[in-house]
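Here is the structure we will look at, set down as C-alpha cells.
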Amino acid sequence: MSKPAGITGLFIATLLLTLHGFSINVAFKSNKKLQKNRFYVLALFLSLSDFAMGIEILYGSILLLLNSHGNAYLYQCMAINHIVAGTVLASQFHTLMICLERLGSTFINKPRILHIVTSNVAVVLCFVMINGFASLRFGLETLKGTFPCDQRYTATPSFLFSHDIPAVIILILIVLCYGITIYRIKKQRQTIGVQTVWNVEIPIDNRSKKDIRMCKNVITLGTIIGLTLVATLPRSITVFYSYNVGGSESALNFVWIANHVFVLLNPLFDPLIYAFTVRQYREHLISVCKCFFKPDYT
C-alpha cells in the first residue's frame, strides 16, 4: 500500500503547491486590496498554511516511496504524520479567525479583543504553537517506540484527545460564529431598512458596493466552512468509533480513506472557491491560461 499511497501523495502535494502558490502570487500582486480588506489577508494566511501542508505531504510521500524499515525512517514517518495533523488543525483555526473577522465587521466599532485575536501576530503564534504541540506529541509517542509508516496509525488515543476532539470543538465554534455573523447582518438590515451592515450615513453607491463585498465574503466563508465540515467530521467520527471498538480493521481502513480523501478536500478546493468569488484571482487565472494556451501562428 505504501507505493500507491506515495504516488497519490506526490500528486496531491503537487496540486496543493501549485494551486496555493498561485493563490499566494495573486494575493501579493493585489497588495492594495490586501491593505484594504482584512478578510483577504486572513485568506492569504490560510493559503500559506495549506502550502506548508503541501510541502509536508510531499516529504511524507517521498518517505513512502523509499519504503525503508530502519528506525530513522520510521521516526521520520511518525514526525510527518504528527506535523501534518498540526498543520491541518492550524488551518482549521485560521478558518475560525476568518469567521471572527467577519463577525467583527458587523460592529460599527470592532471590539478590541477581535482586533487582537485576528491580528497577524495571533495568526503566526497560532500556527507555531499548534505545530509545536504536535511536535511535543510526537516526542511523547517516541517514548513508546516506533509505528509502521501508515496513516491508519494516527487513530490512537493521543491523536483522538489532542487532535480530533480539539478539531471538532473548533468546528463547533466556527459554525456558531458564522451563525451569529449571519444573524447580526440580518438584524442590522432589518433595523436600518437598507441593504447594508453599516449603521452610518453613506452614499448609495458606496453602500451597495460594501454590501456586495460583504455578501461575497460571507458566501466564500460559508463555502469554506462547508468544506471544513466535510473534511473534519468523517475522520473524527471514525477515530472516535475506532477508539470505542478497540481499533477494528474496517475502522482503521476508513481512517486511511479519511486522511487521504476527506481531510485534503479543504486545502484542495479553497483555491477553486477563490476563483469563483474573487475577481482578481479569476482575472489572473484567465491571463495565465491565455499565456499557456495561446496559439502559435509562426
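The values are calculated or read from the model by the stated rules, or taken from the named source; none is laboratory data. Quick caveat: nothing in here was measured; it's all calculated off a predicted structure. Every residue, glycine among them, receives a Cβ derived from its backbone with ideal geometry; neighbour counts consider all protein chains shown. Heads up: the accessible areas ignore ligands, DNA and RNA and are worked out on the full protein's heavy atoms, side chains in. Shrake-Rupley method; radii C 1.70, N 1.55, O 1.52, S 1.80 Å.
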- Item | Peptides ranked, highest mean first, by Cβ atoms within 10 Å: ranges 47-56, 68-77, 159-168 | 47-56, 159-168, 68-77
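With the full set of protein chains in place, find how many percent of the accessible area of the stretch 18-134 is carbon and sulfur; take the probe as 1.4 Å. Provide the component values of the computation, followed by the final result.
Numbers: 3710 of 5240 Å².
Roughly 71 percent, rounded to a whole number.
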- Rounded, prolate or oblate: which one fits the stretch 90-135, using the alpha carbon gyration tensor with axes a ≥ b ≥ c (rounded when a/c is under 1.5, else prolate when a/b beats b/c, else oblate)? prolate
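Per residue, how much accessible area does the stretch 75-176 have with a 1.4 Å probe, in Å²?
Details: 4560 Å² over 102 residues.
Using a 1.4 Å probe on heavy atoms only, each residue of the stretch 75-176 averages 45 Å².
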- Message: Given points 7 Å out from each Cα along the Cα-Cβ axis, report the Asn71 to Thr14 separation in nanometres with one decimal.
- Response: 3.6
- Among trypsin sites (Lys or Arg not before Pro) in the stretch 73-167, those in a DSSP loop whose Cβ has at most 16 other Cβ atoms within 10 Å are Lys144
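I need the shape label for the stretch 19-106. Rule: rounded when a/c is under 1.5, else prolate if a/b > b/c, else oblate, with a, b, c from the alpha carbon gyration tensor. Show your work: numbers first, answer last.
On the way: a/c = 5.54, a/b = 2.22, b/c = 2.50.
Oblate shape, in that a/c is at least 1.5 and b/c is the bigger or equal ratio.
For the stretch 50-155, what class follows from the C-alpha gyration tensor (a ≥ b ≥ c being the square roots of its eigenvalues): rounded when a/c is under 1.5, otherwise prolate if a/b is larger than b/c, else oblate? Mind showing how you got there, number by number?
Working: a/c = 3.79, a/b = 2.72, b/c = 1.39.
Prolate, since a/c reaches 1.5 and a/b exceeds b/c.
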